Amino acid sequence: MTTALITGITGQDGRYLAEHLLGLGYRVVGMVRGQDNPRRALVEAELPQVELAQGDLLDNASLISLVRRVEPDEVYNLAAVSFVPISWNQPDLTGEVTGLGVLRILEAIRQAGGEDGRIRFYQASSSEMFGRVAESPQNESTRFHPRSPYGVAKCYGHYITVNYRESYGLYACSGILFNHESPRRGPEFVTRKITRAVARIKLGRQKELVLGNLDSKRDWGFAGDYVRAMHQMLQQPSPDDYVIGTGEAHSVRKFVEVAFGVAELPWEQFVRTDPSLIRPAEVDHLRADATKAQRILGWLPTVTFEELVRLMVEADLEAERVHG
Ligand code: NDP
Ligand code: GDR
């Protein structure tokens, strides 16, 4: 039986990936940090077959002993400080977790004998590395110009992954994923903030939605599609880096329009902007060129932008009706 170790199991992608790998017959071990992590119970309830183990990307010893003990065939490093605005308030922490954390886990794999390529490694790189884009759409060769401490930390994580592959022969891949969303998306990210607000406004539980920049454009896909690509990358004869995205970009304003439209609400009456939510440096426009992933992995997204917005609004309406 193939064993996968997933860091970031309590996050959006960790849960979709675990579900996908369990479906393929894997043994899945998820790393959880903290003494009393409230999201541990969520994973236990949703995915009882996942084995949970203690560890923290800030703690070298915990990673070394975890990798030795679990003896994984595949390691997916999804853990990170992943919310871009936080990275300006906590740049040190972001650098430590999102950047150096990648080095720590790569080193744990190397020390466990990963140099023979036996342990396959996936790093969650990000389109935020492209930042102020040098060209559009962005592919694996597009120059990086990150615009936040988060983007800078992801660049470190990306290059240290490439470096461990080149220096030590580790089987290490980096997936440069564009924004992907779902009903499991954290409520601080703009898509979920919008769909949750739409549901609450529809049910009379919220009066307005306060947002920052409505003009930025993102290439939004469905998280369930993107975790398939992570797994596919690790099944190739040799390790490589791949851009994953839909190839379509939409503005935050467009997301708002479609989401309020699903609930038949006039968005202009409910949405207000607040300059305090504008970022010190913005990433204006991201759009993926995932040709390489299509060609080599045979990967294609299955959920369109409109379907994604609808499924998120409907899930939030349901959640608000049941639990709200
Ligand atoms: P989430 O924010 O939902 O999850 C982040 C995970 O990281 C959580 O499980 C969190 O655990 C864990 N974590 C945070 N700090 C530490 C630490 N010190 N040690 C161990 N675990 C820690 O992110 P997503 O699931 O959306 O994203 C997964 C990865 O993909 C991230 O690395 C993200 O940066 C990257 N990415 C995401 C994209 C997206 O659109 N979703 C696009 C491109 C890249 P806890 O419960 O303890 O807080
Ligand atoms: P992003 O996602 O920064 O792209 O990073 P987020 O949803 O936070 O922002 C997308 C765009 O929306 C604008 N925006 C707002 N954003 C938030 N969060 N809240 C608001 O109120 C708001 N109003 C407007 C932002 O300015 C931005 O332009 C996500 C994360 O998952 C990263 O971890 C990942 O690497 C990238 O996607 C790819």
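Numbers below:
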read-out: Of residues in region 165-197 being in contact with a Ser or Thr (Cβ under 6 Å, 6 or more places away or on another chain) and more than 23 Å from Lys217 (Cβ to Cβ), the one surrounded by the fewest Cβ atoms within 10 Å (Cβ to Cβ); value: Ser174
read-out: Only one of Phe189, Phe121 that is within 29 Å of Glu74 (Cα to Cα), under 21 Å from the mean Cα position of the chain (by Cα) and within 12 Å of ligand 2 (Cβ to nearest atom); value: Phe189
read-out: Region 153-208, residues that are within 15 Å of ligand 1 (Cβ to nearest atom), part of a loop (DSSP other than H, G, I, E, B) and among the small types (Gly, Ala, Ser); value: Ser182, Gly186
read-out: Residue count, region 150-164 (criterion: open to solvent by less than 50 Å² (accessible area, probe 1.4 Å) and away from ligand 2 (no atom under 16 Å from the Cβ)); value: 3
read-out: Candidates Leu277, Leu300, Leu308, filtered to the one that is within 23 Å of Arg196 (Cβ to Cβ), exposed (fewer than 14 other Cβ atoms within 10 Å of the Cβ) and either of a type outside the set (D, E, K, R) or in contact with a Pro (Cβ under 7 Å, 6 or more places away or on another chain) (or both); value: Leu277
read-out: Arg33 vs. criteria modelled with pLDDT of 95 or more and more than 21 Å from Gly157 (Cβ to Cβ); value: no
read-out: Sole exception among (1) open to solvent by 50 Å² or more (accessible area, probe 1.4 Å); (2) of a type in the set (Gly, Ala, Ser); (3) assigned to a helix (DSSP H, G or I) for Gly224, by number; value: (1)
read-out: Residue match in region 253-265 (condition: closer than 17 Å to Gly224 by Cβ, open to solvent by 30 Å² or more (accessible area, probe 1.4 Å), out of contact with any Pro (no Cβ under 9 Å at 6 or more places or on another chain) and assigned to a helix (DSSP H, G or I)); value: no
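Yes/no matrix, rows are residues, columns are (1) out of contact with any Ser or Thr (no Cβ under 7 Å at 6 or more places or on another chain); (2) under 15 Å from Leu177 (Cβ atoms):
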residue	(1), (2)
Asp225	no, yes
Ser238	yes, no
Asp241	no, yes
Ala259	no, no
Gln269	yes, no
Ala293	yes, yes
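The values are calculated or read from the model by the stated rules, or taken from the named source; none is laboratory data. Note that the coordinates shown come from a computational prediction; the quantities given were computed from them, not determined experimentally. Positions of Cβ are generated from backbone atoms using ideal geometry, with glycine treated the same way; all protein chains shown enter the neighbour counts. Note: areas computed on protein heavy atoms with side chains; ligands, DNA, RNA excluded. Shrake-Rupley method; radii C 1.70, N 1.55, O 1.52, S 1.80 Å.
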